[in-house]
Amino acid sequence: MLQVIRNAVLNAIYSFKPEIAISPNEILIERPKDVTLGDICTNAAMVFAKKVGTTSKELADAICKELIQDPNVLDTSIAGYGFVNIKVCNGYWRSLINRIILEGNDFSVTNNIGNNNKVNIEFVSANPTGPLHTGHARNAVFGSVAANLLEKIGYKVTREFYINDQGNQIKYLAKSVYLRYLELLGENISEDQFGNNMYCGTYIKDVAQKVLEKYGNIFQNKEESEWLNVLCKFSLGCLLDNIKSDLKDLGVVMDVYTSEAALCQKGLVNEALEILKQHDDIYEGILPKPKGTANEDWEERPQTLFRSTKYGDDIDRAIKKSDGTWTYFAGDLAYHLDKIRRGFNKMILVLGADHNGYVKRMKAAVSALSNNQANIEIRLYQLVNFLENGSPVRMSKRKGHFITLKEVVDRVGKDVTRYMMISRHHDVMIDFDFVKAVEFSMDNPLFYIQYAHARICSVFKYYKEIFNVSDVSYKDLLQVDKSSMLDDAEINLLKQLSFWPEQVKSTALAVEPHRIPIYLREIAAQFHSLWSKGKAEEQLRFINKNDKEKTLAKLSLLKAIQVVLSDGLKILGITPLLEMTKD
């Protein structure tokens, strides 16, 4: 039906302006807020009227005339300034069951949008000097679900982690590990030997133990020059292995790990500057004093600057520090030049809210380096507050001065962690209550969704017992007469299921994964309501021991619901449960 509506809209538009080029994907179709007006609505008349040189009312009339020719359309009406509302016959909604069953997880696929074009999603990209914390968990889940959604609409997605392994922090990491290594060898190491830039978490002791196991005491009493580079590489490798392991436990596997140091060694910073110089985007200048700063040590000084204001930034950006070394932003230029050269004209970057200042400069950099051919979308996510029955919780600090991702996953599991981290809009803080997140209660949204899926599984199991069959035949579900499904609760559930492909598409294009759990909760709510109605109204019960045909009709609806719930949970990276157990 959605395709029928899009075709009707396009035909109406062409009747006014045949030469106009409009993609069907530009046409928004949704359910009306007031369902008494219709089953489906579109604002296409309001959106395209000006482009075709007519009024929204005239275009809406033309759309209605096209729509009413379809035998499944019962009625159309126009509301407001051109909203077209459409009522569809119940037979159409019932016919969707077979399509959903046959297509399975492909029901939500719309390959023609991405058309196999490449998109790069960079997420997590944690500083590799320590374990992942809860902020990284939210970043990781957001990025991985966004990637799953974009693949659903036809993009070829690369999941990427940028390793910030260039700079003094890696040297300080190695020095910290060396002190703990000496401590393991029996030397007396005081905490005063760890300066402000050193790393003190217990995980440093873990790395030092691995150094001792691999190298023995060969670095003891040696000059820094003899062990620094070795320990830089070894420590970085250990911590990256831990990061990859923690991500895997969360259900996240990256396609690419890109090293900042490797990019710098290739000379990509200089190459990026040469490209910018060709467009007169690099100059020597003096930046104004940062607003609101009280730093008395600040002084005006000439610097190498990128003319980022030319591309919409608030101020131009420094490329070199006063000591002649590259700024972090210079490394970002090299990295995104590398992405562009790998063919990524569409990029998504997931960062914490404290990186708000990066948004305009990164957009400017990508525009300048690609000659306005590439685009980067940046999503900023807020913090996660951890609670225990409503009270702030302090967990083990064994890994450092924060709650680690591993601690959270070890306590509540992968699926609960993923659901909680994606349950709210990325710009809203999350309250993660360890007790409520795992309780067997209809107030727990993940339980609510999983219980719907498990309940459906239980109905199929009961059917096999009652009718003494080994399995439920797909052929029977497809061929059974479904005309007995007439109740509003059943039809409304089918209407909601019909919008699953549209939900996936709109969610992917907006890069707002939290919409998926909202949709799944609505499907679960309608299913649980139908289950409850069946207790009072015999004709709505899923199993009728005396009528196998009507039972199969009900099961075909349940199978369609199960397909959508399962598909949605898998997009979220969550395993659909066949039964609910407290183990």
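The table below lists the values:
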{"quantity": "Ranked packing of 7-19, 381-393, most packed first, by mean Cβ within 10 Å", "calculated": "7-19, 381-393"}
{"quantity": "Table column - 3J(HN,Hα) (Hz), region 460-472, Karplus curve with 6.51, -1.76, 1.60, x for Gly and Pro", "calculated": "5, 5, 5, 4, 5, 5, 5, 9, 6, 10, 7, 7, 9"}
{"quantity": "Computed FRET value (nearest 0.05) for Leu578 with Ile68, which takes r as the C-beta separation and R₀ as 41 Å", "calculated": "0.35"}
{"quantity": "Positive minus negative residues near Asp313 (Lys, Arg vs Asp, Glu; Cβ under 12 Å)", "calculated": "+3"}
{"quantity": "Rounded tilt (10° steps) of 268-278 against the dominant C-alpha axis of the chain", "calculated": "80"}
{"quantity": "0 to 90° range, to nearest 10: angle between helix 90-103 axis and the chain longest Cα axis", "calculated": "40"}
{"quantity": "Order of Lys233, Lys360 - criterion: other Cβ atoms within 10 Å of each residue's Cβ, fewest first", "calculated": "Lys233, Lys360"}
{"quantity": "Label of the coordinate-derived value, Cα extents along the principal axes in Å, listed as [x] 76, 60, 47; [y] 86, 62, 40; [z] 80, 59, 52", "calculated": "[y]"}
{"quantity": "Theoretical gain in end-to-end length, Asp241 to Gln169 [0.36 nm per residue, Cα-Cα removed]", "calculated": "24.1 nm"}
{"quantity": "Size of charge dipole - region 1-112 - debye, nearest 20, with Cβ of Lys, Arg +1 and Asp, Glu -1, no other charges", "calculated": "140"}
{"quantity": "Antiparallel bridge percentage (DSSP; both residues within the chain; nearest 5)", "calculated": "50"}
{"quantity": "Relative contact order %, the chain, counting alpha carbon pairs below 8 Å whose residues are six or more apart", "calculated": "15"}
{"quantity": "Qualifying trypsin sites (Lys or Arg not before Pro) in region 524-578, DSSP loop, other Cβ atoms within 10 Å at most 14", "calculated": "Lys545"}
{"quantity": "Rel. contact order, % - alpha carbon contacts under 8 angstrom, at least six apart, region 168-249", "calculated": "39"}
{"quantity": "Principal-axis tilt of helix 328-341 within the chain, Cα atoms, nearest 10 degrees", "calculated": "50"}
{"quantity": "Among the listed pairs Lys65/Lys346; Lys57/Lys505; Lys339/Lys505, those beyond 31 Å (Cα-Cα)", "calculated": "Lys65/Lys346"}
{"quantity": "Mean Cβ neighbour count within 10 Å, used as a protection proxy, ranking 280-291, 505-516 highest first", "calculated": "505-516, 280-291"}
{"quantity": "Label point 7 Å beyond Cα of Gln278 along Cβ direction - residues of region 349-385 with amide nitrogen under 16 Å", "calculated": "366-374"}
{"quantity": "DSSP-loop GluC sites (Glu not before Pro) across region 486-583, with at most 13 other Cβ within 10 angstrom", "calculated": "Glu537, Glu579"}
{"quantity": "Residue-wise HN-Hα coupling along region 406-415, computed from phi with Karplus coefficients 6.51, -1.76, 1.60 (Hz; x: Gly, Pro)", "calculated": "4, 4, 5, 5, 4, 7, 10, x, 4, 5"}
{"quantity": "Peptide ranges 35-41, 434-440 listed from the most packed, as the mean C-beta count within 10 angstrom indicates", "calculated": "35-41, 434-440"}
{"quantity": "Spin-label pair Ile286/Thr202, simplified geometry with 7 Å Cα→Cβ offset, distance in nm", "calculated": "5.3"}
{"quantity": "Eligible lysines near Lys222 by straight Cα distance, threshold 25 Å, same-chain separation 8 or greater", "calculated": "Lys171, Lys175, Lys205, Lys210, Lys214, Lys233"}
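No lab work stands behind these numbers, since they all come straight from the coordinates. Please read all numbers here as calculations on a predicted model, not as lab measurements. With ideal geometry, Cβ positions are generated from the backbone for all residues, glycine too; neighbour counts draw on all protein chains shown.
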